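In what follows, a single structure is set out as structure tokens and then discussed.
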Amino acid sequence: MGYSSHKAGVLIVGILLLTQLLGMQKAKAQNVTSPYSILGIGDIDTKDVGRYSVSGSTGISRRNAISYNFSNPASLTSLAPKVMNFELMGSGRISAFKSVGQDTLSAVSKDFVIRRITMAFRNSAKTAFAFGLRPYSSVNYKYELPNAVYSDGTAGYSKTIEGSGGINQVYGSFGYVLGENWSAGITASYLFGSTQKNTTYTDALLNLDITKEEYSFYSGASVLGGLQYYTRPGKRWQHTVGLTVSAGTSLKGYAKTDYVQADSIFLTQSDGKALFKMPVSAGLGYTATNRQGLSISLEADYYHWPYQVINYTNSYTAPSVRFAAGWEYAKQAQYTLTNTSYEKYYLGMGLNAQNSYFYLNGAKIWEYAVTMGGGYNLSGNLYLHTGLEFGLRGFSSAGQVQERYTRFTLGFTIKDIWFRSRLGGN
């Protein structure tokens, strides 16, 4: 009992510290301006940041004994039994933008953020569970408008608009083996967070320096159900089909506005209730894996966002889609002393395409990307995951801000024996 209690305490403290780190990283990651995050609740990242990010984020139909799979909770039953899996995943982004009417890209901006913290374990032959924290959406933009000109021709006030914040997701997952070839799972999530928009007006002649700070605070819940069917291993090819369905409550809260001058609030207004409707979604994936370690995956996702007007002219939410394809090769090796096999490394590549969950001036924002990367077993209990994604979002020819970005992922999986197993229990 002493050993278990001590180790559990260390793990809990570690998770709390990493949770704090996630919040700090998110608060500091303001170097990359994402112009489309001004809309709705910001940029929603539907892509994986772990192992499956390198193969186009095709995770719905993937099963692996080493890596946690957030996309489908039914995959939890593929984890190695009696082994705890702690994952820490981060991603960075280097972006350049081209506005309408410009011929060259803007200066490059960059950031790095902790994207997911997860603890997953399979406690029996039929059950497994996980819990963790990740950002659901992020807001980060900045616009500087040209100085106004007064009627006498003199320069007037300047206006700067900045946005920050986002929605966080705390989740718990449970997986269960239904039969010889079937597994099911469920993920329950609590969503919470806030968005902030600061509009600053300055005029040196009038000694004007006023900031309008608009806040919206949200909370809500969602449920994701998953199912996987898989053929028996050992044959030339093993086939896996995955299905997910999700739904949730609307994000609800309140909004307020502060007016600040010289770092002092001189007026606060209550803007009433804040409400943002969330989607019903469904995903379907297929993976074929051969005995040599090659996997080929296809995936399609649909998000049914209900209609709601959002904070920009002629802009509203609408259904969106995502398509992805990828391959992965995993190299197996053997421990000399025990003559047991383990995964030494994996490599992968993929493609994905998706459109925005909103219409902007009557048009969708499309995004296309190529992914690549791999992972390596650094030691018996430590795995390294790395990946690159090269993408394009928006098209200047369609009157949209065009973003060219490179996203890199870096993460670790730490594995350890289940408490009772190490102590001699079942």
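Structure notes:
- Using a probe of 1.4 angstrom and keeping all protein chains present, the accessible surface of region 50-101 works out to 20 square angstrom per residue.
- Once all protein chains are placed together, Val321 keeps about 40 Å² accessible to a 1.4 angstrom probe.
- The Cα atoms of region 166-213 define a convex hull whose projected area, averaged across directions, is 4.9 nm².
- When the convex hull of its Cα atoms is projected in every direction, mean area for region 113-266 (nm²): 15.0
- Simple rule: put +1 on each Lys or Arg Cβ and -1 on each Asp or Glu Cβ in region 209-314, find the dipole, and look at Val260, Leu275, Leu298; the Cα lying farthest toward the positive end is Leu298.
- Taking all protein chains together and rolling a 1.4 Å probe, Val401 ends up with roughly 40 Å² accessible.
- Calculated log₁₀ intensity ratio I(q)/I(0) where the Debye formula runs over C-alpha points of region 235-306, q = 0.19 Å⁻¹: -0.86
- Three semi-axes describe the equivalent ellipsoid of region 241-381; taken as square roots of 5 times the Cα gyration tensor eigenvalues and ordered largest first, they are 45, 23, 15 Å.
The values are calculated or read from the model by the stated rules, or taken from the named source; none is laboratory data. These numbers were taken from a predicted model, which means no experiment stands behind them. Neighbour counts are summed over all protein chains in view; Cβ atoms, including those assigned to glycine, are modelled from backbone coordinates with ideal geometry. Note: accessible area is taken over every heavy atom of the protein model, side chains too, but ligands, DNA and RNA are not part of it. Shrake-Rupley method; radii C 1.70, N 1.55, O 1.52, S 1.80 Å.
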